[in-house]
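The values are calculated or read from the model by the stated rules, or taken from the named source; none is laboratory data. Here the structure is a predicted model, which is why all the values come from computation and not from measurement. Positions of Cβ are generated from backbone atoms using ideal geometry, with glycine treated the same way; all protein chains shown enter the neighbour counts. These area figures cover heavy atoms from the full protein model, side chains too; ligands, DNA and RNA do not enter into them. Shrake-Rupley method; radii C 1.70, N 1.55, O 1.52, S 1.80 Å.
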Amino acid sequence: MKKRMAMIVLSLFFLCSCAPNAGQSESGSQTEPPIDSTPEMSTGTIEVLAPYSDVRGFDEVNTLRSGEYVPADMITYWLNQNTLFEGNEALAAEIMETGKNPGLHVQELHDRGITGKNVSVAIIDQPLLPGHPEYAGKIEAYYTVGLTEKDSPSSMHGPAVTSLLAGNSIGTAPDVRLYYAAIKFWDRNASEMAGQALDWMIEQNKTLPESERIRAVSVSADLTNTEYFDHPEAWDEAVKRAREAGILVLDCRADYDTCVFWPSFFDFDQRDDITASKIGTPDGGFLECPAHALGTPVGYRTTAEVYSEGEYSYSYDASGGHSWAIPYGTGVLALGWQVNPSLTGQELLDLMRQTAYENDSGERFLDPAAFIAAVQSTVHENQQGQVLISP
């Protein structure tokens, strides 16, 4: 129990610490919650849960009774399958299921066979157990740096980002080949560990056929943030090595080359309507998007959850954080590579920016459908006028 809670707290820290703007408050749901979040009695009156409260249950069910919560606020709560809303069990299940949809017409792309098939990408993150049904069988290789038997084999963060990229029902690219490097993000030497992980990926590519090489790496952290990590130069140097080796690195730095995806959210019910997208998180975090970055959905999402082997479940979070944007966007890049494997990472990023949706305020958002249409325009058409998609 203590080990599990320690990993949860550490995962929460990295979910909300992906380089928000200076002075900007972080997502209200991303603070360490008590296990029992049931409202307490105060002067004889039930204290009703505020929006964006964390009401997850872990080793036991967290039961919320009528009057202790607001049904209309349920889409704002952070809940999991161990959260019981008495009288609204069906609504909670519906919210969990709806949250799996990545929105922005991504599921329609999947229905057309654009799923990231035969594209290799990678993740550097906290440990995870590989058996969750969302991504079981998709991890080609699992590499660890600095982890020991004393460390938990899984976390909140690792399974979540993996499902957002490659999950069967959650991910933007459910058919990718995935390489995973697990490191101690909670260690001040994480920058050096992540650098070693990148070097491992470079070495992997030397042994793989060109068509199977790792093309991009999703890193849900700013490893140059000296408030949390030592030796930021180690990460900078490793990113340069990866780039020279043809691997695109995507992380949370407010930097043109690596910070492409910024937190945004769509309408909970109209998830495909990009015109309803807004920069930041639903609870008011991450409001100042760098000019070169694209709003990428993090709010109202369900992710995979696993802390012990064989105990596979799901968690729904209304707010998310910068961590959720990176795997979402990396998955969309994988869709582009499936359509045209000959394009470089930079060419795909250029197309992403060219096809971004821009609202009346000048805010720009990743538009997966428009992006894929642009990628399709770069490939030849067959005699029937159908775009050729790599098998």
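Only one of the numbered conditions (1) out of contact with any His (no Cβ under 6 Å at 6 or more places or on another chain); (2) surrounded by 22 or more Cβ atoms within 10 Å (Cβ to Cβ); (3) under 29 Å from Arg188 (Cβ atoms) is violated by Val119, and that is (3). Report, by residue number, each residue of the stretch 101-153 that is farther than 18 Å from Thr172 by Cβ, among the hydroxyl-bearing types (Ser, Thr, Tyr) and either touching a strand residue (DSSP E or B) at 6+ places or on another chain (Cβ under 9 Å) or at pLDDT 95 or above (or both). The answer is Tyr142, Tyr143, Thr144, Ser152. Does Asn82 satisfy the condition of being open to solvent by 10 Å² or more (accessible area, probe 1.4 Å) and in contact with a helix residue (DSSP H, G or I) (Cβ under 6 Å, 6 or more places away or on another chain)? Spelling it out, it is not the case that Asn82 is open to solvent by 10 Å² or more (accessible area, probe 1.4 Å) and in contact with a helix residue (DSSP H, G or I) (Cβ under 6 Å, 6 or more places away or on another chain).
Scanning the stretch 349-385 for residues that are closer than 22 Å to Asp175 by Cα and at pLDDT below 95 returns a single hit, Val379. Could you go through the stretch 137-156 and let me know if any residue there is open to solvent by less than 10 Å² (accessible area, probe 1.4 Å), touching a residue at least 12 places away in the same chain (Cβ under 8 Å) and under 29 Å from Asp272 (Cβ atoms). So far as the stretch 137-156 goes, no, none of its residues is open to solvent by less than 10 Å² (accessible area, probe 1.4 Å), touching a residue at least 12 places away in the same chain (Cβ under 8 Å) and under 29 Å from Asp272 (Cβ atoms).
Residues of the stretch 222-281 that are of a type in the set (A, V, I, L, M), assigned to a helix (DSSP H, G or I) and either within 19 Å of the chain's Cα centre (by Cα) or farther than 19 Å from Ala181 by Cα (or both): Ile274, Ala276. In summary, Ala90 fulfils each of the numbered conditions (1) without any contact (Cβ under 8 Å) to a residue 12 or more places away in the chain; (2) closer than 27 Å to Thr296 by Cα; (3) of a type in the set (A, V, I, L, M) with the single exception of condition (2).
Working only within the stretch 251-289, note down all residues that are β-branched (Val, Ile, Thr), crowded, with 17+ Cβ neighbours inside 10 Å and at pLDDT 95 or above. Within the stretch 251-289, Val260, Ile274, Ile279, Thr281 meet the criteria.
Determine, yes or no, whether Glu358 is under 30 Å from Pro153 (Cα atoms), open to solvent by 30 Å² or more (accessible area, probe 1.4 Å) and charged (D, E, K, R). No: the conditions fail for Glu358. So, in the stretch 312-348, exactly how many residues are buried (at least 22 other Cβ atoms within 10 Å of the Cβ) and part of a helix (DSSP H, G or I)? Number of matching residues: 19. Restricting to the stretch 198-230, name every residue that is open to solvent by 10 Å² or more (accessible area, probe 1.4 Å), without any contact (Cβ under 8 Å) to a residue 40 or more places away in the chain and either closer than 24 Å to Val298 by Cβ or not assigned by the TED database to the domain that holds Gly345 (or both). Selection gives Thr224, Glu227. Given (1) open to solvent by less than 30 Å² (accessible area, probe 1.4 Å); (2) closer than 23 Å to Gly320 by Cα, identify the lone condition not met by Gly195. Checking Gly195 against (1) open to solvent by less than 30 Å² (accessible area, probe 1.4 Å); (2) closer than 23 Å to Gly320 by Cα, the one that fails is (2).
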